[in-house]
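What follows is a set of notes on a single structure, which appears directly below.
Please treat every number below as a calculation from the coordinates, not as lab data. Being a predicted model, the structure only gives us computed values, none of them experimental. Neighbour counts are summed over all protein chains in view; Cβ atoms, including those assigned to glycine, are modelled from backbone coordinates with ideal geometry.
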Amino acid sequence: PAKDFPEVRDYTNIYNNFKQIDIINLIDFVQVKSNFMSEFTHIIEKYTKTEMNEIVLNACLIALGTNIGLKKMADISNVRYYELVNCYKNFIRLDTLNKANDIIVNQIQEMKIFKYFNIDESNLHSSSDGQKFGTQYEHINSRYSPKYFGLEKGISNYSLIANHIPIYAKNIGAHEHESHYVFDILFNNTSNINPQIHSTDSHGINQVNFAVLDFFNHKFAPRPRDIKKKENTFVAFNYPSQYKHLIIKPNQKVKTELIKSQWNEIKRIIISLALKTTSQSALIRKLSSYSRKSHVQKALWEYDKIISTLHYLEYLDSQSYRKNIHKSLNRAENYHKMKRAIFHENKGKFRVHTEV
């Protein structure tokens, strides 16, 4: 809060009063405070003589993080190219990156200033959104998308953001619907930051996300593109004719008997998601698909309608609730702006390291 900085007169530009430092000095400072580099272990756990060099690892992280590539980093630094390649192949992989990121995220959460960025005083509010990037080389997730890449291929980087911190991210195909990965990105988050409320734009809405996140104690709070169209999906436990005196009326009665009859099967689906016995995104995709309908699927959709109706009614009724959702999504957009600036500065395409 501004009151904690009485010596700063212009509170709106408080960050302009902080001294700027080089990114290498920032990484060194974070390393001293958190020792995150200890998580970059060799891919061969035993019988290896290659030790991790912090200077080379720093150069690799900056080269990959800023998208300038290892070759250009070797040209502009005193680190040789073969050293960068060996470090990249031996120490930098998805597993080590996730562990190092968790250490930094957990350290930030323990800072006193962390709570001052909370949108909601009682609950931690997060958001997720995808950002499209072209890829320079072929990758398993690279897909054609004329809307975003023209004749080239690319991916979508789906990120989870809370209090301006990128907690977790996942690369998905540019053709895949983001709603299939909302639960995936929340449940597989391994940091100590556990959001209670989660927001997305309209791309995160499908037939089951309200229900699935409710089972796992996450409140799903998306921002609808057109709230008037959502009024057609409102449900109630009595017939709509009994609500004629209300301004906002339900469109249909909940099929409670269908939900009760399939409740055990619904619980089995939720257990499968929790145990990761199947691909979470694939299961969500099948459950929210219209191509094949089963009694279990219809029952889950009915339960989803109950939770979604409660959300949209609160969205219409509470101005503060709407503001919190918009603020959370704006934070994700601000994070994407930073990535986009780096992306376009370095020729606008990810290099071969898209898997990390």
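A compact table of results
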| quantity | calculated |
| --- | --- |
| Kirkwood Rh and Cα Rg combined as Rg over Rh, evaluated for region 36-109 | 0.99 |
| Total formal charge among the other residues, if their Cβ is under 9 angstrom from that of Pro240, Lys/Arg +1 and Asp/Glu -1 | +3 |
| When each of Lys228/Lys298; Lys219/Lys305; Lys170/Lys305; Lys255/Lys305; Lys170/Lys230 is checked by Cα-Cα distance, pairs over 22 Å | Lys228/Lys298; Lys170/Lys305; Lys170/Lys230 |
| Kirkwood hydrodynamic radius (C-alpha pairs) into Stokes-Einstein, region 180-330, 25 °C and 0.890 mPa s, D in µm²/s | 150 µm²/s |
| Inter-label distance for Glu83 and Leu26, nm, one decimal - labels placed 7 Å from Cα along Cα-to-Cβ | 2.4 nm |
| Cα gyration tensor shape of region 93-241, rounded if a/c is under 1.5, else prolate or oblate by comparing a/b with b/c | oblate |
| Packing rank of 293-299, 65-71, 246-252, 46-52, where each peptide gets the mean count of other beta carbons within 10 Å, highest leading | 65-71, 293-299, 246-252, 46-52 |
| Answer label, with Cα extents along the principal axes in Å calculated from the coordinates and candidates (1) 76, 54, 42; (2) 91, 45, 45; (3) 52, 51, 42 | (1) |
| Among the listed pairs Lys112/Lys327; Lys33/Lys71; Lys253/Lys327; Lys132/Lys293; Lys260/Lys327, those beyond 27 Å (Cα-Cα) | Lys33/Lys71; Lys253/Lys327; Lys132/Lys293; Lys260/Lys327 |
| Computed label-point distance, nm, for sites Tyr137 and Phe187 using a 7 Å Cα→Cβ extension | 3.3 nm |
| Inter-site label distance for Ile227 and Lys260 at 7 Å from Cα along Cβ, in nm | 3.4 nm |
| Rounded FRET efficiency, nearest 0.05, which uses the C-beta distance separating Asn330 from Ser122 and R0 of 25 Å | 0.75 |
| Modelled label reach - Asn194, point 7 Å along Cα→Cβ, region 200-221 residues with backbone N closer than 19 Å | 212-221 |
| Gain on full stretching of the segment that runs from Lys298 to Asn16 - 0.36 nm per residue minus C-alpha separation | 96.1 nm |
